[in-house]
Amino acid sequence: MEQQIYTVVITLLTVLTSTAAWRYYEKRMVLKAKQEQDVHKDSEMYRDDLRERVVKLETLLNESAKEKDKMRENIVLLTAQVSKLEVEVEFLRRDNENLRAENHSLRQRLV
């Protein structure tokens, strides 16, 4: 009878231990899977953040390229206007010199 009690106790301990061990391993696997999901989520968040930053930078780059083109066009227009003004100033200087020369010659005739 004593042997049967030992057998029952050992069987009971084995069943309880295997159930507890199974729960332990199950919880451990669940926690490990959750940690892997968290790491995966973090990497996805980082990747998504990088994608958003790349889109913003591309937008800024496109805007600055457009702005640069506009500025280049403005520079070309201003350069043309400056050249035109230089020519006009040159003609005005020549006319002014001619008028001074004529004015000087008229004064000498009058004197």
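About the Cα centre, and with charges only on the beta carbon of Lys, Arg (+1) and Asp, Glu (-1), how big is the dipole of the chain? Nearest 20 debye, please.
Numbers: 20 positive and 20 negative charges, 46 e Å.
Here the size comes out at about 220 debye.
Counting other beta carbons within 10 Å of each Cβ, put 71, 1 in order, fewest first.
Going from least to most buried by this count: 1, 71.
Pull up the cross-link candidates among the lysines for residue 32, meaning alpha carbon to alpha carbon under 29 Å and not fewer than 8 places away within one chain.
Cα-Cα hits under 29 Å: 41.
Expressed as an acute angle from 0 to 90° and rounded to the nearest 10, what is the orientation of the C-alpha long axis of helix 2-110 relative to the principal long axis of the chain?
0 degrees
Given 77, 57, 110, which one lies farthest toward the positive end of the charge dipole of the chain, if we put +1 on the Cβ of every Lys and Arg and -1 on the Cβ of every Asp and Glu?
Looking along the dipole axis, the top candidate is 110.
Please list the equivalent ellipsoid semi-axes of the chain, computed as the square roots of five times the alpha-carbon gyration tensor eigenvalues, in descending order and whole angstrom.
On the way: eigenvalues 2195, 16, 3 Å².
The answer is 105, 9, 4 Å, longest axis first.
A short reminder: the numbers here are calculations on the coordinates, not readings from a lab. Nothing here was measured: the structure is a model prediction, and the numbers come from that model. We place every Cβ from the backbone using ideal geometry, glycine too, and count neighbours over all the protein chains shown.
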